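Take a look at the structure set out below.
All of the numbers you see were taken from the coordinates with simple rules; none came from a lab. Values in this document were obtained by computation on a predicted structure and should not be read as measured data. Because the Cβ atoms are built from the backbone with ideal geometry, glycine has one as well, and the counts that use them run over all protein chains shown.
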Amino acid sequence: MLEGFLDSRSVSSLVEVLRRRAAETPGRLAYVFLADGEEDERRLSYAELDLRVRAVAARLQALGLAGERVLLLFPPGLDYPVAFLGCLAAAAVAVPAYPPTGSRGVPRLQAILADGSPRCILTTAALRPVVERLGAASLCLEIDEILEAEAAGWRDPGLTADTLAFLQYTSGSTSTPKGVMVSHGNLVANEKIIQEAIGSDASSVMVSWLPLYHDMGLIGGLLHPLWLGSSCVLLAPLHFLQKPVRWLRAIAKYGGVVSGAPNFAYELCCRKVDPAAVADLDLSRWRVAFNGAEPVRAEALERFAARFAGCGFRSSSFLPCYGLAETTLMVSGSRYHPEVTIFPVEPARRLVSCGGIPSGVEVRIVDPVTRRVVVGEGEVWVAGATVAHGYWNRPEATAETFGARLEDGGGPYLRTGDLGLLRGGELFITGRIKDLILIRGRNLYPQDVEWTAARCHPAARPDAGAAFTVDDGEERLVLVQEVSFRGVDLGEVAAAIRQAIAEEHEVPVARLVLVKPGGVPKTTSGKIQRRECRQLFLSGGLVPLGEWRDGDGDAARERVAPRTPAEASLAALWEEVLGLAPGTVGAEDHFFALGGDSLRGTQLLARLQEGGFEVALEDLFAAPVLAEMA
């Protein structure tokens with residue numbers, strides 16, 4: 001680490017950091033890209049990186065693009081850090097994006113082009129046809145044609161902390177993508193926060209397969225090693241998804257100290273990595289395994305730690321963290337702890353701490369209606385130098401989100417839209433305000449319902465379900481779930497999902513729609529687009545493999561008629577309470593899978609008590625099958 005440079009005085013930009021790295025450690029490896037995900041290495045030293053960055057910056061300066069937006073359209077590889085840092089060194093405003101595959105991703109890219117109005121699209125010769133098909137009016141510049149000799153023409157643009165560095169377009173999981181305005185000062189402030197949270201230094205080799213156009217992959221994966229003066233090993237996201245073991249092999253081969261991903265990646269490794277394939281891997285140097293960008297699951301951490309303990313992985317390496325594009329990246333993250341903090345909030349749900357609040361960051365938990373600070377759960381509000389400058393060209397949205405004030409006038413704060421609580425000085429995220437499911441006075445988080453569905457049957461695809469509500473006189477739960485459908489009894493899958501959700505969350509699934517892989521809309525960063533899925537459901541735009549309604553019963557097996565007078569009497573009561581036709585309920589049916597919930601359970605108990613039977617609601621949850629209850 002550059003002691004006395006980064007610690008003794010402030011720096012205004014990462015361009016300044018890069019220049020110092022190239023001067024003091026020119027031969028140190030900056031980036032390695034594994035072109036095939038395994039052996040084919042492409043390398044850049046700090047001196048080579050600095051030279052190429054200045055060449056790109058000089059060309060952008062010559063084109064008069066200082067202060068102008070420059071869209072970056074690159075496949076995974078070393079051109080990306082050169083292009084991004086080249087924009088920064090030219091005082092241009094980088095706009096990270098990703099080339100669409102076929103028609104997928106084109107609408108989002110067109111929305112970014114329309115909103116950001118970039119003067120230039122910086123790309124590769126191979127992708128020029130893609131750019132031309134977009135029909136954008138922007139200048140198209142191929143990085144391949146920029147010569148290293150052009151670096152001599154670069155001039156220091158005199159960046160300040162307030163100079164705009166790039167637009168980070170939000171994933172669009174709950175709304176149309178908006179360009180978050182991130183300054184050079186924001187970047188520096190956030191890199192300091194990340195370093196404080198994870199305890200990294202120049203010896204902390206980073207390994208990352210995360211998308212470079214996404215905030216976690218860009219700031220946490222690509223730029224943090226530059227801040228530290230360490231080395232970074234990059235893989236393409238597709239190579240990881242094809243063979244998750246490649247991530248672990250790269251960590252072992254290059255001595256990765258810091259590496260992480262969203263929760264699903266750890267789950268994917270547990271499901272897809274053959275134990276024999278990692279028997280000889282050494283993961284003992286992996287000291288920081290960060291987990292963020294989506295809800296952190298205690299079960300996932302426990303499974304991964306147990307699965308790879310034989311490779312030297314320690315559960316104490318986990319570092320759950322929380323952040324969002326509007327705060328540049330990180331808000332909170334645990335330091336190196338002996339254990340990850342977990343506490344249960346209900347039987348089916350355990351919260352994982354996203355760490356303590358770093359210095360320079362202020363977090364308040366606020367009632368979003370009264371704007372009063374609360375002790376329990378509320379909306380997470382954030383203030384500090386890491387909070388971005390607002391949304392590009394959207395003053396009203398900026399004022400609403402970035403200009404929040406407390407009831408006493410304190411502020412301004414960023415309204416994250418996330419629900420959370422502080423416990424023991426650590427932040428726990430409980431859900432999203434806009435995604436909250438409220439059914440008969442009961443708050444549910446869609447990600448918890450989706451998680452339950454994904455783990456109850458092998459055919460249910462993980463991270464591929466969307467839970468939401470529709471109103472037909474009352475709020476009703478709908479789940480759209482992708483399944484691997486070949487050779488699978490869909491009725492069996494449906495029954496397993498409905499029963500698991502009923503048991504764990506005490507609400508019925510009013511409509512369950514099973515779809516093929518890819519049938520649930522997602523953002524480019526893999527987040528479920530629940531609102532878009534709801535619109536498709538309401539408009540009939542989904543292509544279902546099968547659909548089940550509240551009260552359809554268990555389609556996976558034949559009805560078993562009540563076998564005793566007690567079972568027959570109880571079945572009649574179930575049908576009355578659940579609003580089912582006579583003769584519907586069988587001896588092996590499950591109360592909650594048929595549409596029961598806490599309210600209807602209470603109604604059933606009242607009817608039983610009228611007949612002289614003393615039964616508690618807990619008894620119904622313990623024995624929800626008719627034959628067991630009878």
Send over the semi-axes of segment 45-151's equivalent ellipsoid, whole angstrom and largest first, taken as the square roots of 5 times the C-alpha gyration tensor eigenvalues. 23, 15, 11
For Thr101 and Glu547, what is the calculated FRET efficiency with R₀ set at 35 Å and r taken between the beta-carbons, to the nearest 0.05? 0.75
Using DSSP to call loops (not H, G, I, E or B), can you name the GluC sites (Glu not before Pro) in segment 34-126 whose Cβ has at most 15 other Cβ atoms within 10 angstrom? Glu38, Glu39
So which trypsin sites (Lys or Arg not before Pro) in segment 482-519 are both in a DSSP loop and have at most 10 other Cβ atoms within 10 Å of their Cβ? Arg486
Sorted by average packing, counted as other Cβ atoms within 10 angstrom per residue and highest first, what order do 573-586, 203-216 take? 203-216, 573-586
Nonlocal amide H pairs with Thr430, under 5 Å, H built at 1.01 Å: Leu419, Gly420, Leu421
Ranked from fewest to most other Cβ atoms within 10 Å of their own Cβ, Cys87, Cys120, Cys311 fall in the order Cys311, Cys120, Cys87
Using 0.36 nm times the number of residues separating Arg43 and Leu438, minus their current alpha carbon distance, what extension gain do you get? 137.0 nm
Ignoring solvent entirely, what values of log10 I(q)/I(0) come out of the Debye formula for segment 143-200 at 0.19, 0.27 Å⁻¹ when each Cα is a single scatterer? -0.92, -0.98
Extending each Cα 7 Å along its Cβ direction at Asp472 and Lys243, get the distance between those two points in nm, one decimal. 4.9 nm
Exposure-ranked with fewest Cβ neighbours within 10 Å first, Thr176, Thr124, Thr328 stand as Thr176, Thr124, Thr328
Which residues in segment 259-277 have a backbone N closer than 20 Å to a point placed 7 Å from the Cα of Ala306 along the Cα-to-Cβ line? 263-277
For the residue pair Ala566 and Arg314, what label-to-label distance in nm results when each label sits 7 Å from Cα along the Cα-to-beta-carbon direction? 5.6 nm
Cross-link reach from Lys527 to aspartates and glutamates, straight Cα distance under 18 Å and at least 8 residues apart if same chain, gives Asp215, Glu267, Glu294, Glu326, Asp418, Asp435, Asp448, Glu450, Asp463, Glu482
Okay, which of segment 225-264 sit inside 18 Å, backbone N to the point 7 Å along the Cα-Cβ direction of Asp36? 234-251, 253-254
Whole-number D in µm²/s for segment 437-549 (Stokes-Einstein; Kirkwood sum over Cα pairs; 25 °C, 0.890 mPa s): 177 µm²/s
Residue exposure sequence - Phe166, Phe308 - by fewest surrounding Cβ within 10 Å: Phe308, Phe166
Angle check, please: helix 79-89 long axis (alpha carbons) against the longest principal axis of the chain (alpha carbons), in degrees 0 to 90, nearest 10. 60 degrees
Gain in length, Glu299 to Asp274, computed as 0.36 nm per residue apart minus the alpha-carbon separation, to one decimal in nm? 7.0 nm
For helix 490-505, report the angle its Cα long axis makes with the longest principal axis of the Cα atoms of the chain; keep it between 0 and 90° and round to the nearest 10°. 90 degrees
Taking H as built 1.01 Å from N, whose amide H comes closer than 5 Å to the amide H of Ala404, not counting residues under 5 places away? Tyr413, Arg415
Report, in whole Å, the centroid distance computed from the Cα atoms of segment 353-429 and segment 232-258. 34 Å
When the convex hull of the Cα atoms of the chain is projected onto a plane and the area is averaged over all directions, what value comes out in nm²? 30.5 nm²
State, as an integer percentage, the relative contact order of the chain based on alpha-carbon contacts under 8 Å between residues 6 or more apart. 9 percent
Tell me, what is the FRET efficiency for Ala606 and Leu538 to the nearest 0.05, using R0 = 30 angstrom and their Cβ-Cβ distance as r? 0.30
For Glu148 paired with Val373, estimate the spin-label separation in nm (one decimal), with each label point 7 Å from Cα along the Cα-to-Cβ line. 5.5 nm
Determine, at each q value in 0.12, 0.15, 0.26 (inverse angstroms), the log₁₀ of I(q)/I(0) that the Debye formula gives when each Cα of segment 565-629 is one equal point scatterer. -0.23, -0.37, -1.29
Here the relative contact order (percent) of segment 136-217, from C-alpha pairs under 8 Å and at least 6 apart, is 20 percent
Any chance you could give the angle, 0 to 90 degrees and rounded to 10, that helix 46-62 forms with the longest Cα principal axis of the chain? 80 degrees
